[in-house]
Amino acid sequence: MMKFVKILAVVAGCMAAGTILAAQNPDQQSNQNQASANRAANLQQLLQQVQQAQNAAAAVNAQREREFAQALDKQQEILARAQAEKQNVQKRSDELQATFNANEQKLNQLSTQLRNRMGSFGEVFGVVRQTAADLKGIIDSSLISAQLQGRGQFLSRIAASTSLPSINELQKLWYMLLHQAAAEGQVVRFPTTITRADGTQTQADVVRVGGFDAIRGNDYLNYLPETGQLVVYAQQPSRQNARDLAAALYGAKSGNLPMAVDPTKGQLLSLLITTPSVWDRLQQAGAVGYIIIALFIIGLLIALERIIALTIVQAKVKKQLKTNTPNPNNALGRVLNVYAENPNDNVETLELKLDEAILKEQPALEAWQGVIKLIAAVGPLLGLLGTVIGMIVVFQTITLFGGGNPKLMAGGISYALVTTVEGLVTAIPLVILHAYITSKSRAVIQVLEEQSAGIVAAQAEKKK
């Protein structure tokens, strides 16, 4: 019996301890553990411990039920507030949707009313915007904008506007059209900043000739729309007359003066920068071109020397023809001196001696003529050589890069054409000079032969 009671006490103690540990907080669990450590001595104490454990568990459960009930009430309250807020938001959404639908319907009605009331004004509005855009393009690229800057802002606003222009805006646009047309026909002097070819800037007075030219002194200026600057052309017109007209107009105070204008409004003057000079052309011919030029200069010097020498000889021969006394300082005098030294020779001997004297004079009279003729013949051949070399360069370029870009072939074509021109320019004047020199020498030799024949004829008459 006692053994059964002990077993029952141990089981009851464990159940009570487990119930208390599961329901109480850590401090209470610690106290209960300490209490459960005191084992019940008898059955009465065991019943008291079990009763106490049940009472404690009931109290804990009651506390938990109260807390859960309070939490449930709060959740219901939160849910109620959320549902109420949802209803308010839904109501506000319905009101906004109704307002949006009403506004959209009203906007459609107003848009239809606007289109109906605008009528032909819509076309006028389109014309105004197009006119403003076109005028802006003209003004931005016009030389007049170098003097009158900032005019494009108003036109940009009108061209990009989405509303009908006002009367004042239409009047201003009309005024700008008239002002641009009037400025195209005016010659105006105004101060501005100009940029030299070396990049330096200076303040100076500029004369604008309509929308065609801008000058400072005798220099023509180029207007750059991108920067709004006036720049001195790196290469001015080659004709001095054009620069003289510019200088005269720049220095004038009043009156009507002639002036050279660029009808393309700067495009022709801009092309002067890319137009090669004579020296640039000569450099394009390369080594063959330099050889042709050297031969041409040598041929001209020889021809000039021959012309001077033969002119002097002709003058001396003409002077000798006027006197019967032979003068050994000229060709005819030396030929006549042969007869003077051999007056008693027979006709055949005298004729041979005279022919010999003429033959002695002939090399000096015909000197260097063969060289001139040779240079005149070699010049075109060298030009043809340059042409062939240039064509080889062109075909090499086509092989490497194709024929799609003509600029890549321009060097070879220039080489070919310039050398051809140089060869022809060398040959043509030298051929003419050779013919002229030959005619002058032949004229002197003819005089010598005529005088020799006359002497022989006179000697033959004496022998009879």
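The values are calculated or read from the model by the stated rules, or taken from the named source; none is laboratory data. What you are looking at is a predicted structure, and each value in this text was computed from that prediction instead of being measured. Don't worry about glycine lacking a Cβ; one is built from the backbone with ideal geometry, like all the others, and counts go over all protein chains shown. The protein model used for the area step is the full one, side chains on, heavy atoms only, and it has no ligands, DNA or RNA in it. Shrake-Rupley method; radii C 1.70, N 1.55, O 1.52, S 1.80 Å.
The C-alpha atoms of the chain define a longest principal axis, and helix 369-401 lies at about 10 degrees to it. Of the residues Tyr233, Ile298, Asn168, the one whose Cα sits farthest toward the positive end of the charge dipole of the chain, with +1 on the Cβ of Lys and Arg and -1 on the Cβ of Asp and Glu, is Asn168. The separation of the stretch 421-464 from the stretch 149-216, counted between C-alpha centres, amounts to 73 Å.
Scoring 344-354, 286-296, 60-70 by mean Cβ neighbours within 10 Å over their residues and listing the highest first yields 286-296, 344-354, 60-70. To the nearest 10, the accessible area of His434 is 40 Å² with a 1.4 Å probe.
Computed over the chain, relative contact order equals 10 percent, with contacts defined as Cα pairs under 8 Å that lie 6+ residues apart. Kindly express, to the nearest 10 degrees and within the range 0 to 90, the angle between helix 347-365's C-alpha long axis and the longest C-alpha principal axis of the chain. With rounding to tens, the tilt is 20 degrees.
For the listed residue pairs Lys318/Lys353; Lys360/Lys440; Lys318/Lys462, the alpha carbons are over 24 angstrom apart in Lys318/Lys462.
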